[in-house]
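Worksheet: the structure to be examined is printed underneath.
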Amino acid sequence: MDIRAIAFDVNGTLVNIRTDEHLDEAFRTIGHLLTYQGIDLRRHEVRDLYFAILKRQQRGSAEKYPEFDSVGVWRTLVEETATDYTRALPPEKLAQLPGLLAETYRGATRRRLKLYPHVRTVLQGIHGGLPMAIVTDGQSSYARGELHKVGIAGYFGPIVVSGDHGYRKPDPRLFQLALSGMGVAAEHTLYVGNDMHRDVYGAQQLGMKTVMFASDQGTKSYRHCVPDHTIHDHRELLGLLGL
């Protein structure tokens, strides 16, 4: 393969993350935080409103693969439940509140966040030799913070997060953003992911070469998609790239 750049998915590929988005305690925490904003909601009310607004957002999208906006969900929830006390809060506090709620919810529902074995070693081996990018489904309110937490954000040039654009993989526009940012043609770019539909199929639509990382996350089959390679250990990438 004549590979001149490489792009990665994040969760399930580079980062082993586990979340429980329906965790009762998370909505209890949010409910308690909202108390200090003048909003009185029980945990089940927070949960029901959150998912109802999220679904409303997605139904209102014209995209084939709509992505939700976590900060926007919390902003709508606050606007729809605000009291006179809430509206009298300092404008700067109100402006920052939806982002704080998004981060609090993500932190409260996160159960695991760590790199898969050998990821850092492999990224160090590639860094400086090939341009590297990220194409990930996620929310900017936490995706970049999580990359920073595991210590790998600095390896990548373009970091494309679906939440910034309103659509998610396998939409080819996300992959094209990474290609344009690296200045490398699709046929000379390798994409590494763990989901046959969102990652392999998505990248192959543009003619990118693909590697499937066989983690325990993601869809493992989609139509007749076949990746160029399947790996079980990230160090295999170095051999594929001649490094």
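The values are calculated or read from the model by the stated rules, or taken from the named source; none is laboratory data. What you are looking at is a predicted structure, and each value in this text was computed from that prediction instead of being measured. For neighbour counting, all protein chains shown are included, and Cβ atoms are generated from backbone atoms with ideal geometry for every residue, glycine included. Accessible surface is based on the protein model in full, side chains and every heavy atom, while ligands, DNA and RNA are left aside. Shrake-Rupley method; radii C 1.70, N 1.55, O 1.52, S 1.80 Å.
Restricting Thr210, Thr230 to those that are buried (at least 21 other Cβ atoms within 10 Å of the Cβ), over 30 Å from Gly60 (Cα atoms) and more than 12 Å from the chain's Cα centre (by Cα) reduces the list to Thr210.
In the condition set (1) closer than 30 Å to Glu187 by Cβ; (2) free of Cβ contacts under 8 Å to residues at least 12 places away in the same chain, Arg42 is compliant with all but (1).
Output the residues belonging to the stretch 87-98 that are open to solvent by less than 20 Å² (accessible area, probe 1.4 Å) and not hydrophobic (A, V, I, L, M, F, W, C). Result: Pro98, single match. In this structure, Leu97 qualifies as at pLDDT 95 or above, touching a Phe, Trp or Tyr at 6+ places or on another chain (Cβ under 8 Å) and not polar (S, T, N, Q). Among the residues of the stretch 46-61, just one is under 20 Å from the mean Cα position of the chain (by Cα) and not in a helix (DSSP H, G or I), namely Ser61.
Let's see how each residue does on (1) of a type in the set (Lys, Arg); (2) at pLDDT 95 or above:
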site: Met1; (1), (2): no, no
site: Gly12; (1), (2): no, yes
site: Leu23; (1), (2): no, yes
site: Thr29; (1), (2): no, yes
site: Ile39; (1), (2): no, yes
site: Arg43; (1), (2): yes, yes
site: Tyr65; (1), (2): no, yes
site: Asp69; (1), (2): no, yes
site: Thr83; (1), (2): no, yes
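Starting from residues that are of a type in the set (Gly, Ala, Ser) and assigned to a helix (DSSP H, G or I), keep the ones in the stretch 125-175 and report whichever is surrounded by the fewest Cβ atoms within 10 Å (Cβ to Cβ). Among those that are of a type in the set (Gly, Ala, Ser) and assigned to a helix (DSSP H, G or I), it is Gly154.
Tally time: how many residues in the stretch 62-86 are open to solvent by 50 Å² or more (accessible area, probe 1.4 Å) and outside any loop (DSSP other than H, G, I, E, B)? Of the residues in the stretch 62-86, 5 are open to solvent by 50 Å² or more (accessible area, probe 1.4 Å) and outside any loop (DSSP other than H, G, I, E, B).
Scanning the stretch 198-217 turns up one or more residues that are β-branched (Val, Ile, Thr), in contact with a Ser or Thr (Cβ under 6 Å, 6 or more places away or on another chain) and at pLDDT 95 or above.
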